[in-house]
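Structure first, then comments.
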Amino acid sequence: MEDKACKNCGFVISHGDVCPVCGSKDLTTKWSSYAIIINADKSEIAKKLGVSINSTFAIDVK
Ligand SMILES: [Zn+2]
């Protein structure tokens, strides 16, 4: 995987070194799967991940 995922919230970052969601700099390229949240208000996955914005989130961050 080229993209980095935030270890704190799972947000997938395509460029930059800081998570724009939670501000964490603890990023990793070691993640294996992700969820694309398109309806954060109603998505069960979004609730499970604890996210409230529509974006791509890694769900298996190492
Ligand atoms: Zn984050």
Enumeration of residues in the stretch 5-28 that are touching a Lys or Arg at 6+ places or on another chain (Cβ under 7 Å), modelled with pLDDT under 95 and farther than 17 Å from ASN54 by Cα: ASP17
Options VAL12, VAL51: the member that is touching a residue at least 12 places away in the same chain (Cβ under 8 Å), farther than 18 Å from LYS62 by Cα and within 11 Å of the ligand (Cβ to nearest atom): VAL51
Answer from ILE38, ILE59 - the residue that is more than 12 Å from the ligand (Cβ to nearest atom), among the hydrophobic types (A, V, I, L, M, F, W, C) and more than 10 Å from the chain's Cα centre (by Cα): ILE38
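The values are calculated or read from the model by the stated rules, or taken from the named source; none is laboratory data. As the structure is a prediction and not an experimental result, all values here were calculated from the model. Using ideal geometry, Cβ is built from the backbone for each residue, glycine included, and neighbour counts are taken over all protein chains shown.
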